[in-house]
1. If you go through the range 275-296 one residue at a time, how many are closer than 26 Å to residue 42 by Cβ and of a type outside the set (Val, Ile, Thr)?
2. Suppose we filter 218, 192, 210 for residues that are open to solvent by 30 Å² or more (accessible area, probe 1.4 Å), under 21 Å from residue 106 (Cα atoms) and either modelled with pLDDT of 95 or more or more than 21 Å from the chain's Cα centre (by Cα) (or both); which single one remains?
3. Regarding residue 46, is this residue in contact with a Gly (Cβ under 6 Å, 6 or more places away or on another chain) and open to solvent by 40 Å² or more (accessible area, probe 1.4 Å)?
4. How many of the residues making up the range 248-272 are surrounded by 22 or more Cβ atoms within 10 Å (Cβ to Cβ) and farther than 20 Å from residue 299 by Cα?
5. Do we find that residue 56 is touching a helix residue (DSSP H, G or I) at 6+ places or on another chain (Cβ under 6 Å), modelled with pLDDT of 95 or more, open to solvent by 50 Å² or more (accessible area, probe 1.4 Å) and part of a helix (DSSP H, G or I) in this structure?
6. Checking the conditions here, which among 64, 86 is crowded, with 21+ Cβ neighbours inside 10 Å, more than 22 Å from residue 25 (Cα to Cα) and of a type outside the set (Ser, Thr, Tyr)?
7. Could you check the range 120-136 and list, in sequence order, the residues that are touching a strand residue (DSSP E or B) at 6+ places or on another chain (Cβ under 9 Å) and of a type outside the set (Ser, Thr, Tyr)?
8. Kindly indicate whether residue 227 is crowded, with 21+ Cβ neighbours inside 10 Å, in contact (Cβ under 8 Å) with a residue 12 or more places away in the chain, of a type in the set (S, T, N, Q) and closer than 22 Å to residue 340 by Cα.
Amino acid sequence: MLAGRATAAGTARFGERTGTKLAADFFRPLSPNGILASSIGLGSYLGECDEADDIRYADTAHHAIATGINLLDTAINYRCQRSERAFGKALSRAVRMETAARDELVVCTKGGYIPFDGSPPASREEYQEYLQREYIEPGIAPASEIVAGGHCLAPSFIANQLARSRANLGVETIDLYYLHNPEQQLDAVDEGELRLRICRAFELLEERCGAGEIGGYGCATWNGLRTPPETRGHLSLEMLVGCARDAGGDGHHFRAVQLPVNLALNEAVRTPTQRIGDRAVTVLEAAAALGVAVIASATLLQAKLASKLPQQMREALPGLSTDAQRAIAFVRGLPVITSALVGMRSAGHVRENLGAAKPER
């Protein structure tokens with residue numbers, strides 16, 4: 001297990017060492033304690049649950065660290081826990097080979113969905129047996145709090161997942177731990193019950209911050225923050241911060257939200273889906289007002305925005321070589337965004353995507 005966590009001094013050192021060929025604003029504040037994160041982060045959602053993609057992810061992550069990316073984002077359910085384990089190998093290699101020190105790297109993961117282990121079950125019946133044996137019978141995930149067949153926010157479940165993620169990643173401390181798509185719970189419960197479940201989970205996460213198992217926490221969402229208040233599945237950022245204050249007081253450790261932001265899914269920028277008091281505001285405006293960092297997911301919308309962009313987009317973003325670079329540069333250039341996540345499984349992808357953050361000449 002790698003000791004330590006990301007620090008202000010460590011991430012500043014990383015930026016000074018690796019950022020000379022990147023834009024001046026490539027490293028941006030992630031938290032009030034001065035931690036800096038690369039404005040292009042490495043994602044790990046896509047891929048097969050096989051050894052070949054394990055190797056690709058581990059090699060690519062190490063190359064990304066060597067060339068200036070210090071934010072690694074994953075989730076325990078990505079690729080049946082294999083993405084976390086691949087990043088764990090990359091982190092170990094980076095520290096062992098002195099590519100980077102542990103305090104220079106921002107390690108992020110998520111918990112909320114019941115993960116498979118290594119490979120998906122062959123049938124629904126096999127999954128139900130797995131769920132019963134591994135989670136329900138031991139009391140880890142109460143059956144009454146599992147929704148949509150596999151989503152749970154019970155503190156006992158989140159504690160279990162956090163321990164597994166730390167083991168998979170090989171780190172004593174995860175820098176940023178997200179509740180994964182908490183809006184999924186609204187398939188089965190009302191808003192009042194959802195708030196209660198989130199508050200209970202945040203109490204657990206505040207305890208784990210105190211124990212040094214995580215540096216901070218947040219919520220990674222898909223639809224929740226982008227949908228209007230009157231829509232089923234809506235999440236209020238003001239409510240999330242309120243839960244954090246209930247759990248940890250004014251010194252709470254709620255640090256960031258993650259949601260899709262890209263050329264196609266641009267509600268975070270254009271649509272006032274949030275309320276601060278009596279004001280209707282966008283997610284980015286709400287985050288700025290509440291002091292919460294924003295991590296953009298689906299920057300390339302699973303490669304759909306990596307090619308065939310309209311000509312006007314090419315004209316609006318000159319000086320870039322590929323549509324992938326243009327799509328990344330659009331997200332990276334938005335105010336309030338700390339980092340734009342991009343899934344990459346080759347050194348070539350890393351080089352191309354970092355081209356979206358060329359220094360000004």
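1. Matching residues across the range 275-296 total 6.
2. Exactly one residue qualifies, and that residue is 210.
3. Working: in contact with a Gly (Cβ under 6 Å, 6 or more places away or on another chain): yes; open to solvent by 40 Å² or more (accessible area, probe 1.4 Å): yes.
Taking the combined requirement at face value, the residue satisfies it.
4. The total comes to 3.
5. Answer is no for this residue.
6. Numbers: 64 fails: more than 22 Å from residue 25 (Cα to Cα).
Just one listed residue meets the conditions, 86.
7. So in the range 120-136, the residues touching a strand residue (DSSP E or B) at 6+ places or on another chain (Cβ under 9 Å) come out as 130, 134.
Residue satisfying the conditions is 134 alone.
8. It is false that residue 227 is crowded, with 21+ Cβ neighbours inside 10 Å, in contact (Cβ under 8 Å) with a residue 12 or more places away in the chain, of a type in the set (S, T, N, Q) and closer than 22 Å to residue 340 by Cα.
The values are calculated or read from the model by the stated rules, or taken from the named source; none is laboratory data. All of these numbers come straight from a predicted model, not from anything done at the bench. Reconstructed Cβ throughout: ideal geometry from the backbone, glycine too, with neighbour counts over all protein chains shown. In case anyone asks, the SASA skips ligands and DNA or RNA and just uses the protein heavy atoms, side chains included. Shrake-Rupley method; radii C 1.70, N 1.55, O 1.52, S 1.80 Å.
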